[in-house]
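As structure tokens, the structure follows; a few thoughts come after it.
The values are calculated or read from the model by the stated rules, or taken from the named source; none is laboratory data. Since the model is a prediction, treat every value here as computed from it, not as a measurement. Cβ sites come from the backbone with ideal geometry, for glycine too, and all protein chains shown count toward neighbours.
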Amino acid sequence: MSGQGPAWAILLQKVFGLQGNYPNGLLAFVALFFIYLFLIVPGAWIISYVDRKLGADFQARVGPNRAGPSGFFQPLADFLKLMQKDSQEKITTSDLLWIIVFSSALYSSVAVIPLGSSFLMVDTDLSAFIPFLSALVLALGTMLLGFSRPTVPGWFGAIKVAGQAFSGAFPALISLLTAGIRSGGFRWSHLANSQGASPMDWAAFSNPFQFLALIVFMISGLVMMCLPPMEGVVLPINMNGGVTAHLYGRRWAIFRLGRFYASFLWSLVASVLFLGGWQLPEQVNDLLSDSLILKQSLESILLLSKTFIMMLIVIWVSRVNPRTRVDQVTDFAWKVLSPFALLALVGSAIWAGWGLLI
Amino acid sequence: MSFSLFGERLKTDVTNWEVGPYHLSLPGPIRLSLKLDGEVIISGEVETGFLHRGLEKCFELHSWKSAIPYADRLDPEAAVFGELVYCLAVEEAANTLVPPRAQAIRIILSELTRISCHLANAVRIARAVGAETVLHYLLRDREKIIDLFELLTGARFSLNFLRIGGVRADVTEGFIERVLDVCDLIRVRLKEYNDLFTFNHAFLKRTINVGVLSPALIKKYGMTGPNARASGINADVRKDRPYSGYEILDFEVPLGRGEGGTLGDAHERFLIRLREVSQSIEILKQVTEGLPLGEYLTPTEDKAVPEGEAYVRVESSRGLLGCHLMSLGGTAPHRVQFRAPSGFHLQAVPELITGLKLEDLSVVLASLDLSISEADR
Amino acid sequence: MGGMGALDMSGSLFSTTLSYLKDVFSSVRSILESCVTAIPYLFSAGENRKEVTEQYPDPISSRTADDLPSRSRGLLFNDIDRCTGCRECEKICPNKSIAIETQSGSDPAKIWVSLFDIDFSKCIFCGLCVEECIPGSLVHTKQYEGAVYVLDDLKASFGRGGVTPEMQARWAANRRTHENEEVGF
Amino acid sequence: MDIIELKKRLTEALSEKILELAQLGKGRVLSVWVEAKHINEVALLLRNESYLGFSVLENFFVAQLDSAFLLSYYLRAPKTGMELILRASIVPPNPEGLAKAPSIREVWPMAEHQERESAELFGIIFYLGLSPADKKEIKHSFLPPGWQGFPFRKEYKFPESFSGIQHQRDGL
């Protein structure tokens, strides 16, 4: 039983039944590959399918039903179609630039994803901030995409994306701090262990300010990454054609996969910060204390289902509501989200320090 | 160089940008050449004529009766109004009488077309604002009305059902009950649209105080119909000069109240069209209950219309649709000229869009309910 | 999502924050209200919220030719036996998509319609010809699938074909025998 | 304010310019024939006079009667509810030539696009001010640029093809 090395390495060796010790680098590569193949790509598939099916259900339509049983293979069909449709003109430097920045912003944070008590590859003191930073770099990537567009509206879209990202970043950071105040640290394990399993012990429901911080965190994340229902600037529907004008083929697939991963990451972080992460009830913990793999997979399932529910809510709201203009979105972020974020910060600080004051 | 933190606006130099003739958010094939200062439109010109097909010349090449399918194609989405205005003009020139039952059937058809056109306009506004869900609900309900057309006339859009002196055939047996069912269904739906969309905050923010049409602008460009009534100008042809039996119906014409934003903004135009749909439902109920008996057509042989001239106007879903007809006693009309409301609304677009934000351009164009095929003829 | 206009600085601090909060809550309430109205559609609750997509050509979930109302104007069909060759339909057709040629039939009174072509690439299905057809031989069918690969396939011809010399000879023969019987040879 | 009252007011206001005053159509609408060159004065007078007040031009109709063009302006006075058709006729120099008529864009701005349409399709130059400017070309806003001839004229022969596209599909 090779017990030494970080928890995720032990887990990995157990999963693959390897004996003897292997360099952590190799194990890390296997782990990343494992997450990417079995978590992100299937996640994109399921969410894309659910998004289209749920959207169709809301609109009294049938939705995809040709590819596979009730259209389940529609995302695969879309993916194959996009793969074989590449844009004729050769890749220019500005295209290359945005693709590199876009994908580096996203897939660098795969290692940071908290998936369970032992599957924590990067559990440093500031690990909660890394997804926030990768979201900012994603906004930079979308801006560069806008600048690489041949049309006038593409450049307008780029500047608007930058403006919207800044206005979303401030309240997101503040609400991130509010979560940190309650749990006393930004380590994933700190954040998760400070919350109990039953909903009452979750951060969001422990005090009203944390609940307010959850809402502000989710909305400002959507604003920061121009995700639906805040994606007025990216949508080709409005007059100026948005950032994705004339984007199709493989680059469109990169863009879509990137946007899925961004919303998935943000919902995951939200459920760890505010919705009790992967905490299993005490009895279950004791029961499973011996078999590490079972406990870890149960924790991951719990965490991913919370993330899935958060993403469903976002899909629901975005399908039903119209989109507001970009300047109204930034107005909303500065004049509504930021004050409420500060209120939540001050409130939860007082709440946390109440004991010391009196 | 005096550096003022907030006073100095981000200086952007003027770019100009050609939009069209085919673009996602234009109401039809027109070309807008816009001068943009950053986000704000400084000036815009409209170039039309992409849909000009010499419709009025076609009337001169056909006999009176075989010109009726051409009247359908004046505004393909609202075919009955083109037919109605042409038939009324010929009837006035040739002095033929229309039996009351035919007049009632004509009212039923024009009110149904008005509802279908207002729903189609709501679809365009919803698409401009990006509200997918309500868009599909509107299309689904409009389908019910188009099924009614197919039941009565046999065609979905270009009906070719009116004839000079009446209508082509009588009402089929199940038609009246189906009309009443559709009326009740649409009333239920209107309530659903209001909950889901009309007072949704995001929609309000996109349309309140956007594209305000002042009464002066309306008078200057001769705008009529819902666009004018949304700015408080009470002018409806069905009330001012009733035609084809509207005088016996009592209905009140909705006017813009301007309680949400200012009077005459895009939201007011959207609201007034929904109110007109509910008012059309009232009219349909009255007409279908009191459908007079008697035959549906005074037969007129298609040969010649005595020499004469007539100018008739009809309240179409977009405004005052007039038809000036001149006949020299031949078997074909000598000159038919249509006064298309969309032509006048299109005139006001350059002045209306100056100072508008670029993203609101598609909302304003959609709220004006322009039919380019009617404007270009 | 929700949001509010510019803060009006006019009133006192308290009244502005009050109106600010009222505005934010009204916007959140209206957004949630719109979301809630879409929920019943998830479970297709009630008659009005069923899925309405017609998956043509699947006969169960989409309308087929026989569900169409009786007056629907599909592709035309002309029953040549009842057609008298009066050319009314050719005259009334707005864009000349009907071409008719007639020759004298077996007895001079009867017209032999040798050519009766309808060019469906020009026909606008207005139904004027069916209305003008006195013998009622020209009717609308319920057939609406008119897609073809070659433009010529859109020409439907119902004519009887040219009168060949031996047909004329045969008609002339039995006309003579007919007249002989009458005269009593 | 009925037809007779209006007729009296018009005769004394426009006295010498009126060529003919008749009642027209079922609605018994008054129609006033005026010399083509007086249109501008008459228009200003009709609109600005307080007791006439024809401030709305509802429809501008042009038709060709054998070789002359009949211009008729359908006017409405919103205050008094009266209607009036102002008519004038102009003759083009030759069947292909450009006729000239004074424009009423200043008096009634709403007629601007109808005037442009008739100008292009009938071949009429609507000039502002007093003397007809020597403008030759008409800017096309309805017909494709470079279209020869004026389609709405009676003697117009429809061209076989335009910019390389045949208009008649042969054989079918």
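Quick look at the values:
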item	result
Of all residues making up segment D:48-64, the number that are of a type outside the set (Asp, Glu) and within 8 Å of chain B (Cβ to nearest Cβ)	8
Scan of segment B:137-169 for residues that are at the interface with another protein chain (Cβ under 8 Å from one of its Cβ atoms), surrounded by 21 or more Cβ atoms within 10 Å (Cβ to Cβ) and within 21 Å of B:Ser278 (Cβ to Cβ), ordered by number	B:Tyr137
Extreme residue, farthest from the other protein chains (Cβ to nearest Cβ), among residues of segment B:287-317 that are part of a helix (DSSP H, G or I) and surrounded by 18 or more Cβ atoms within 10 Å (Cβ to Cβ)	B:Val287
Candidates B:Leu346, B:Leu325, B:Leu284 - the one that is within 14 Å of chain D (Cβ to nearest Cβ), in a helix (DSSP H, G or I) and in contact with a helix residue (DSSP H, G or I) (Cβ under 6 Å, 6 or more places away or on another chain)	B:Leu346
Any hit, segment C:166-178, residues being of a type in the set (Lys, Arg), farther than 23 Å from C:Gly85 by Cβ and free of Cβ contacts under 8 Å to residues at least 40 places away in the same chain	yes
Residue check, D:Ala99 within 20 Å of B:Cys323 (Cα to Cα) and modelled with pLDDT under 90	no
Any hit, segment A:218-228, residues being within 30 Å of B:Gly20 (Cβ to Cβ) and surrounded by 20 or more Cβ atoms within 10 Å (Cβ to Cβ)	yes
Selected residue [outside any strand (DSSP E or B), over 30 Å from B:Gly174 (Cα atoms), within 14 Å of chain D (Cβ to nearest Cβ) and of a type outside the set (Asp, Glu)] from B:Gly355, B:Gly330	B:Gly330
For B:Arg275: the one exception among (1) under 19 Å from the mean Cα position of the chain (by Cα); (2) away from chain D (no Cβ under 14 Å); (3) assigned to a loop (DSSP other than H, G, I, E, B); (4) not small (Gly, Ala, Ser)	(3)
Listing of helices (runs of 4 or more DSSP H) fully contained in segment A:35-149 that carry 2 or more residues being of a type in the set (Asp, Glu)	A:41-58
Residue in segment D:154-166 that is more than 14 Å from chain B (Cβ to nearest Cβ), in a loop (DSSP other than H, G, I, E, B) and within 27 Å of B:Thr224 (Cβ to Cβ) present	no
From the options C:Lys122, C:Lys110, C:Lys142, C:Lys96, residue that is without any contact (Cβ under 8 Å) to a residue 12 or more places away in the chain, surrounded by fewer than 20 Cβ atoms within 10 Å (Cβ to Cβ) and not small (Gly, Ala, Ser)	C:Lys110
Residue selected from segment D:89-123 under the condition more than 11 Å from chain B (Cβ to nearest Cβ), hydrophobic (A, V, I, L, M, F, W, C) and in contact with a Pro (Cβ under 9 Å, 6 or more places away or on another chain), by the criterion farthest from B:Glu309 (Cα to Cα)	D:Leu98
